[in-house]
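*Asks:* Quick one: structure below, then a few questions.
Throughout, read-outs are computed from the coordinates displayed, never taken from laboratory work. These figures come from a predicted structure and were not determined experimentally. A quick note on method: Cβ atoms are made from the backbone with ideal geometry, for glycine too, and the neighbour counts reach across all protein chains shown.
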Amino acid sequence: MSKEALARRVGLPTFTLTKTCESSDPNSIRRVISTESDAVTYYCKAITVPTIGPFNCNNLPIVVDANGAPWREACLFILSRLENAIGHANMKTFVGIADDLAAFRRYVDSECIDWTVFARHKHVRPTYRYRGYLMVKVGAGEIAPSTARRRMLTLVGFYRWLVAENCLKPEYPLWNEKEVYIQFTSEVGERRSKVVKSTDVGIRISKQEDPYDGTIKDGGKLKPLAINEQEKLIQTLVEIGNTEMTLIHLVALFTGARIQTVLTMKVRHSRVELPKGATEIPVICGPGTGIDTKYGKHLTLLFPRWLYEQLRIYSYSDRANVRRHRSARGEPDDAYLFVSSHGNPYYDDIADTRRFDAQGKKRYQASGAAVRVFIADRVLPIMQEKLGQHFHYQLHDLRASFGMNMTDGQLKLVENGVITLHDAREFVKIRMGHERASTTDGYLRHRKKHRLVRQVQQHYEEHLRGLIDLAKAGGSGQ
């Protein structure tokens, strides 16, 4: 069976939710469905959402079966989820849902399983069989445990929706279910608990964290670069000579900004008049500013004056102007500060992702892929020549590097008695934009932990050296 003959995800360049209506309706649109023997004509009109307008979007992911026909139930499920998120939908979320359902459909098709039939014996039911299949794939190393867990969670959500909408009435239970209490820490650090429904088809991942893997949890596992690695990275970027990529790296390293924040800066953000004598220039980010942040939080980035001046010079440069002239936004101050040589943004801001393109010309959402490709193809080969093949990094690691640089500076002030440890912690927390102090504590523990490891390693090496010296002395005496 060829790849094209399998169930898969496809994207609709444009999608507008409609409902049928009479031809006399002033907003009616005539549609014709042609078949081999006949043609069906009907009329429809767009469904509007209060305060938003027509329910439409670009690049809607749907699932088609092996024959290329839309899988009705899966498409309706995706659409229902989109309806709940209209106005703030992130299409990448729905791409993931479609991929998960397409993977399930490929499995049941290959095994000739009727996904709507739930027999008396639970281990022949589609949900249990698919869970077993995923566990085999995990055991063989073909998929990650997290991928298997996500696919099963998507499938459970899909079947729950089918039952709730009376699209499926299984003869026997989909799975065994129970209520469990889970504890979690709120954004303000309070310990709370809530009741959730747990199924016996869920895939649980046993995590064993390596306390000495050199990473910090800050919106994912980040690995701060050592000072010498940071120096060689900057040297390498200068050697390559790509102005935009160099500035993008510098902003991440010297402000701690995440990739979506760096890449959604606009020209106007680099043209603020510089206060006399100021060593740091504040730039406000978040909703209403034109700069995206994680979870839409408001925060202020502090740019070193020298770096902000570099951005300002770049924004007026011929190189930047040529790129912006090729951009859809043109020359205004609201244009992206960093765009590709073709004028395309490296990362679409929230406003662009929600703006409907009736022509459907844009087939994907920019999310920093060009930066990641540049790192993989241009930067890493040179860095690995300098530091060894073991060296790897991602742009997000520069945020952790910024945090550790700041932490080290604050800890020196604590050691000299200038400030307290609490002062240091609060300073780093504010500059990093952390909601939870526990995230900031990860930076403090990271430095303390690795100092301890180096001390233990040093003592162990000294012990070994002593044993070797004793062995040599004993050998010379014979």
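*Asks:* Arrange the following residues from fewest to most other Cβ atoms within 10 Å of their Cβ: Asp99, Asp408.
*Replies:* Least to most surrounded, the residues fall as Asp408, Asp99.
*Asks:* First select every other residue whose beta carbon is under 13 angstrom from the beta carbon of Leu253; then total the charges, Lys and Arg +1, Asp and Glu -1.
*Replies:* Charge balance in the 13 Å sphere: 0.
*Asks:* Report the dimensions of the chain along its three principal axes from the alpha-carbon atoms, largest first, rounded to Å.
*Replies:* 98, 66, 46
*Asks:* Once the convex hull of the alpha carbons of segment 3-174 is built, what does its volume come to per residue, in cubic angstrom?
*Replies:* 155 Å³
*Asks:* On to the next question. With contacts defined as alpha carbon pairs under 8 Å and 6 or more residues apart, what's the relative contact order of segment 3-174 in percent?
*Replies:* Reported as a whole number, the value is 21 percent.
*Asks:* What residue among Val156, Ile216, Phe356 has its Cα farthest toward the positive end of the dipole of the chain, where the charges are +1 on Lys, Arg and -1 on Asp, Glu, each on the Cβ?
*Replies:* The residue sitting farthest along the positive end of the dipole is Val156.
*Asks:* Taking Cα atoms, how many degrees apart are the long axis of helix 305-316 and the longest axis of the chain, rounded to 10 and kept between 0 and 90?
*Replies:* Approximately 40 degrees, to the nearest 10.
*Asks:* Using the Cα gyration tensor of segment 322-412, with a ≥ b ≥ c the square roots of its eigenvalues, what is the shape: rounded (a/c below 1.5), prolate (a/b larger than b/c) or oblate (neither)?
*Replies:* Prolate shape, in that a/c is at least 1.5 and a/b is the bigger ratio.
*Asks:* Tell me, what ³J(HN,Hα) does each residue in segment 7-13 have, in order and in whole Hz, if you take phi through Karplus 6.51 cos²θ - 1.76 cosθ + 1.60 with θ = phi - 60° and put x for Gly and Pro?
*Replies:* For segment 7-13, the Karplus-derived couplings read 4, 7, 8, 10, x, 8, x Hz, x marking Gly and Pro.
*Asks:* I've got another one for you. Positive end of the dipole of the chain, charges at C-beta (+1 Lys, Arg; -1 Asp, Glu), about the Cα centre: which of Ser110, Ala144, Gly202 has its Cα farthest in that direction?
*Replies:* Gly202
*Asks:* Non-local amide H neighbours of Ile143 (under 5 Å, H modeled in plane, Pro and chain starts lacking H): which ones?
*Replies:* Amide H to amide H, under 5 Å and 5 or more residues apart or across chains, Ile143 pairs with Val138.
*Asks:* Would you grab the residues whose amide H sits under 5 Å from the one on Ile291? Only those 5+ places off in sequence or on another chain, please, with H modelled 1.01 Å from N.
*Replies:* So Ile291 has HN proximity to Gly286.
*Asks:* Among the chymotrypsin sites (Phe, Trp or Tyr not before Pro) within segment 280-359, which fall in a DSSP loop and have no more than 10 other Cβ atoms within 10 Å of their own Cβ?
*Replies:* For chymotrypsin sites (Phe, Trp or Tyr not before Pro) across segment 280-359 that sit outside H, G, I, E and B with at most 10 neighbouring Cβ atoms in 10 Å, the list is empty.
*Asks:* If you keep only loop residues by DSSP, which GluC sites (Glu not before Pro) in segment 222-316 have at most 12 other Cβ atoms within 10 Å of their Cβ?
*Replies:* Hits after loop and neighbour filter: Glu273.
*Asks:* Let me ask something additional. Which value, in debye to the nearest 20, gives the size of the charge dipole of the chain about its Cα centre, when Lys and Arg are +1 and Asp and Glu are -1 at the Cβ?
*Replies:* 520 debye
*Asks:* Helix 227-240: angle to the longest alpha-carbon principal axis of the chain, degrees 0 to 90, nearest 10?
*Replies:* 60 degrees
*Asks:* Once the Cα atoms of segment 226-392 are picked out, what are the Rg and Dmax in Å?
*Replies:* Considering segment 226-392 through its Cα atoms, Rg and Dmax are 16.4, 50 Å.
*Asks:* Taking 7 Å along the Cα-to-C-beta vector as the label spot, tell me the Lys92-Lys221 distance in nanometres, rounded to one decimal.
*Replies:* Using points 7 Å along Cα→Cβ, the separation is 1.9 nm.
*Asks:* Also, I was wondering about something else. Between Ala39 and Thr243, with labels modelled 7 Å along Cα→Cβ, what's the label distance in nm to one decimal, could you check?
*Replies:* Using points 7 Å along Cα→Cβ, the separation is 5.5 nm.
*Asks:* So how far apart, in nm, are the two label points at Asn176 and Val418 if each is 7 Å from Cα heading toward Cβ?
*Replies:* With each label placed 7 Å out from Cα toward Cβ, I get 6.2 nm.
*Asks:* Hey, another quick one. For helix 437-476, report the angle its Cα long axis makes with the longest principal axis of the Cα atoms of the chain; keep it between 0 and 90° and round to the nearest 10°.
*Replies:* 50 degrees
*Asks:* Please report the net charge: other residues with Cβ closer than 12 Å to the Cβ of Gly96, K and R +1, D and E -1.
*Replies:* Once all neighbours under 12 Å are counted, the net charge is +3.
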